[in-house]
Amino acid sequence: MDVTKNDSMEIRLSDHVVLVRQAVRKWATDLGFSLVDQTKMITAASELARNTLDYGGGGTVRLELVKQGPRNGLRLTFEDQGPGIPDLEKALTDGYTTGRGMGMGLSGSKRLVNEFEIVSRVGEGTRVTITRWK
Amino acid sequence: MSDNVKGLSVVLTNYEAEILSDWIKEQSAALRRAGGAMKDTELRDQCAEFLRLLRTAAQGGQVENLDGPKWNDVREMLGNISRSRGLQGFSPSETASFVFSMKRPLFVQIRREFGKDAEALADTTWLATELLDKLGLYTTEVHQKAREEVILRQQQEMLELSTPVVKIWDGILALPMIGTLDSTRTQVVMESLLQRIVDTGSGIAIIDITGVPTVDTLTAQHLLKTVTAARLMGAECIISGIRPQIAQTIVHLGVDLGDVTTKATLADALVVALERTGRAVKRVQTASKGA
Ligand SMILES: Nc1ncnc2c1ncn2[C@@H]1O[C@H](COP(=O)(O)OP(=O)(O)OP(=O)(O)O)[C@@H](O)[C@H]1O
Ligand SMILES: [Mg+2]
């Protein structure tokens with residue numbers, strides 16, 4: 001898989017979540033994503049960026065245009081050095097929240113993308129990578 | 001009074017007319033470059049008044065510290081000019097040029113007075129530079145504050161503007177939401193909607209989200225909270241303007257809008273609202289030509 005373009009942004013304030021959404025919208029539009037695909041990717045990014053902020057204590061997102069054979073896609077990697085997630089299976093269950101959310105962010109964004117990978121270590125942090133192909 | 005301050009105050013007193021006319025020339029040139037619209041008479045009055053205040057303050061004997069009471073009038077006038085230029089959209093440097101453009105005219109007269117005395121010339125020029133620099137800095141500070149006030153006011157206006165609750169029929173309110181539903185705005189939206197429900201005794205509120213670009217779990221939660229609160233006040237909500245891509249995304253996200261009535265467009269929602277309040281929309285045949 002080749003990365004043809006990349007950028008990274010910080011997520012430390014709730015305004016940054018808005019900026020991440022705007023950047024993802026721009027990249028997805030440039031890639032020629034359909035309106036539905038754009039909306040799905042932006043929404044997933046919004047969920048993960050807010051988790052990074054609210055639970056991870058802030059972090060970063062890396063945006064990458066990826067190419068695999070004839071396919072082009074958009075890959076986003078959210079990373080924080082927060083407390084980590086002790087039970088991933090639970091966290092990925094619809095309706096599970098340790099905060100005051102709906103508990104749909106992680107599981108929902110997994111359904112909105114083609115590839116979803118999460119690595120989390122307690123006391124070290126969390127990294128979520130999502131990819132959506134055109 | 002130190003000799004230098006005395007020297008400066010003598011120059012300001014003896015050559016006031018010359019400094020004034022030179023200064024006005026410099027300024028009108030600068031203002032024209034900046035595309036500023038200002039009447040000549042207004043500029044002349046401003047400059048003359050300022051020069052008079054500056055001379056009076058300098059005659060007071062000290063120019064090192066401009067915070068003192070002797071400089072009150074100068075500061076006040078300069079503050080007003082900077083604020084009004086700031087509000088008219090002048091840039092900070094255009095605003096500061098009011099003061100800085102006085103440098104050359106003033107230095108010319110200092111040289112005329114002290115031309116043969118190199119030391120006095122240098123000292124007085126230095127003193128004048130320091131004084132004008134301080135005043136210039138003061139204008140930019142005031143200018144910046146004024147700009148910040150404008151921005152803050154605009155933000156607050158936006159906050160209110162973007163959340164208009166309109167009564168579209170007896171008993172029916174509509175709330176067209178535009179932009180990002182961050183927490184501050186959602187709070188404002190919710191409060192104004194609930195207040196209007198009470199004020200108008202409306203039984204139905206249509207929340208239109210055509211202008212909301214992204215509906216994620218947080219947005220959905222805000223919407224549902226608003227619906228629940230409205231219900232407690234005795235009003236039912238209809239959510240309209242859910243575009244197809246948003247509908248699909250919400251479904252995949254797994255967000256359940258519960259038993260809230262949703263409609264594709266505000267017009268559809270209005271029809272439902274009218275029906276629920278015992279009314280119907282019907283086309284009336286007109287007797288116009290060709291009909
Ligand atoms: N980056 C993270 N660091 C630590 N914990 C996290 C992180 N992301 C998610 N979690 C944990 O996983 C839980 C589930 O996350 P999810 O996004 O599904 O729900 P939520 O954020 O609580 O609510 P919602 O996203 O629906 O508003 C969170 O409540 C939190 O405990
Ligand atoms: Mg979440």
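Nothing in this text is a laboratory measurement; each read-out follows from the coordinates by a stated rule. From a predicted model like this one, the values you see are computed outputs, not experimental measurements. Methodologically, a virtual Cβ is constructed for each residue, glycine included, from the backbone with ideal geometry; neighbour enumeration extends over all protein chains shown.
Per-structure values
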| quantity | calculated |
| --- | --- |
| Extension reserve of the A:GLU117-A:TRP133 stretch, reckoned as 0.36 nm per residue once the Cα distance is removed | 4.3 nm |
| Unit charges on C-beta of K, R, D, E only; dipole of segment B:3-158, Debye | 380 |
| Relative pair counts by distance (%), Cα atoms of chain B, 10 Å bins | 6, 21, 17, 10, 10, 13, 12, 8, 3, 0 |
| On Cα atoms only, tilt of B:40-59 relative to the major axis of chain B in degrees | 60 |
| Centre separation in Å (Cα based) which lies between segment B:89-122 and segment A:93-111 | 67 |
| Using a Förster distance of 60 Å, the FRET efficiency for A:LEU88-B:ARG283 (Cβ separation, nearest 0.05) | 0.55 |
| Label-to-label distance, nm, for residues given as B:VAL150 and A:TYR96 (7 Å Cα→Cβ offset) | 5.3 |
| Chain A: C-alpha gyration tensor shape, a/c 1.5 cut-off, then a/b vs b/c | prolate |
| 0 to 90° range, to nearest 10: angle between helix B:16-33 axis and chain B longest Cα axis | 30 |
| Under the span-like rule (Cα at least 24 Å along the axis, Kyte-Doolittle mean at least -1.0), DSSP H helices of chain A | A:14-31, A:35-54 |
| With Cα atoms, 0 to 90° folded angle of helix B:266-276 axis to chain B main axis | 50 |
| Filter on A:LYS5/A:LYS110; A:LYS26/A:LYS134; A:LYS5/A:LYS26; B:LYS70/B:LYS134; B:LYS6/B:LYS70; B:LYS25/B:LYS70 - keep pairs with C-alpha separation over 18 Å | A:LYS5/A:LYS110; B:LYS25/B:LYS70 |
| Convex hull of Cα atoms in segment B:3-158, direction-averaged projection (nm²) | 9.4 |
| Whole-Å distance, taken between Cα centres, linking segment B:190-210 and segment A:1-75 | 35 |
